[in-house]
Structure formats: C-alpha cells, structure tokens
Ligand code: HEM
C-alpha cells in the first residue's frame, strides 16, 4: 500500500519537476515576470518532494532493507540490486530533496525575476538528475 503511493507520487513528482524546470527556463529566456502561478508550481513541486521523502522513509523502515543493512552490511553492499534499494536510492533521493528545498528557499531571497527562474531551474534540475539516476527502473516499469 505504502509502496503503491510511493510509486504513484513518483510519477507526479517527476512531472512537476519537469514542468517547473521547462517553465522556468522558457520564462527566463523570454524575460517574463515571475508570477504567483510560477511560485505555486514551484511550491507544489516542493510539497510533492517532501511528501515523497516522508513516504520513502515509511517504505524503507517498514521493509527489511534497514535490518539487512544492520545485520550484514557487507553482503548488502556486494549485491548490486540490494545496494540500490537499501543505500543508493534513499541517500541520493534525500540529497535530491535537499537540492529542491535549497532552490525554493533561495529563489525567495532574490528580487530579479530572471534570477528567480534560473535559481529554480538549476536546483530543481540538479534534483531531477539525482532522482533519475537512482530510480529502480526495472522494478518500477515492471509494475
Ligand atoms: C524523494 C524522491 C523519491 C522518489 C522519486 C522515489 C521513487 C521510487 C520509485 C519509482 C520506486 C519504485 C516503486 C515500485 O517498484 O513500484 C521506489 C522504491 C523504493 N523507495 Fe523511493 N523514491 C524517493 C525517495 C525515497 C527515500 C528517501 C527512501 C528511503 C528513505 C525511499 C525508499 C524506497 C524503497 C525502500 C523502495 C523499494 C521498495 C521495495 O521494492 O521493496 N525512496 N522509489
């Protein structure tokens, strides 16, 4: 059940990230003003990222990954698939959410509209790359 939500929200988060990044880049390029809608899209993306992080922790600690890691870290690290889910996916995605949070917090401090768009595009972009790099694709696409 938790994993199902985690899997569904992953689609929403990736879509929101892409929308935020594309919109920010286009608006920066065309010298558009930073509107309330732009702030809202960035904010919803941030909220989706934080919710996904929380869900990820719930999935993680209700699964056996953490116990396996405590019991025999060497064996987990030696197994590529296990290492991805027990270590790489959680750590990389925490870092990705930190990037997204920094981007949102930093855009608020800026006054120039183009700089706001570029701050969001850069940090949300970094977050997206990190997320995409450590998604368990085989498993996710297998349903
Ligand atoms: C915040 C961005 C995150 C995204 C976009 C994301 C995305 C995904 C996706 C797409 C899957 C595959 C779901 C499936 O097989 O149906 C997955 C699985 C998983 N995620 Fe995340 N995740 C995120 C964060 C986290 C965090 C922070 C943790 C742990 C602290 C975590 C723990 C897990 C675990 C343990 C699984 C595998 C569960 C299993 O198959 O037994 N995720 N995640």
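Readers should treat all values here as calculations from the given coordinates under stated rules, not as data from a laboratory. Model, not experiment: these values are computed from the prediction. Neighbour counts run over all protein chains shown; Cβ positions are idealised from the backbone, glycine included.
Straightening the chain between residue 110 and residue 4 buys 34.4 nm, computed as 0.36 nm per residue apart minus the Cα-Cα spacing. What Kirkwood Rh does the chain have if only Cα atoms enter the pairwise 1/r average? Answer in Å. Its Kirkwood hydrodynamic radius stands at 16.1 Å. Between residue 31 and residue 83, full extension at 0.36 nm per residue minus the direct alpha carbon distance yields a gain of 14.3 nm. Relative to the dominant Cα principal axis of the chain, helix 36-61 is inclined by about 10°.
Put a dot 7 Å past the Cα of residue 18, heading toward its Cβ, do the same for residue 50, and the two dots end up 2.6 nm apart.
Note on region 23-67: percent of Cα-Cα distances in each 5 Å bin, starting at 0 and stopping at the bin with the largest distance, equals 5, 19, 16, 14, 11, 9, 8, 8, 6, 4, 1. Which whole-angstrom value gives the distance between the alpha carbon centres of region 95-138 and region 6-48? Computed from Cα coordinates, the inter-centre distance equals 10 Å.
Which of rounded, prolate or oblate describes region 45-113 when judged by the alpha-carbon gyration tensor and an a/c cut-off of 1.5? Cα axes put region 45-113 in the prolate bin. Averaging the sequence gap over all C-alpha pairs within less than 8 Å and six or more residues apart, then dividing by the number of residues, gives the chain a relative contact order of 35 percent.
Taking Cα atoms only, the orientation of helix 2-29 departs from the longest principal axis of the chain by about 30 degrees. The angle between the Cα long axis of helix 113-133 and the main principal axis of the chain comes to about 20°, on a 0 to 90 degree scale.
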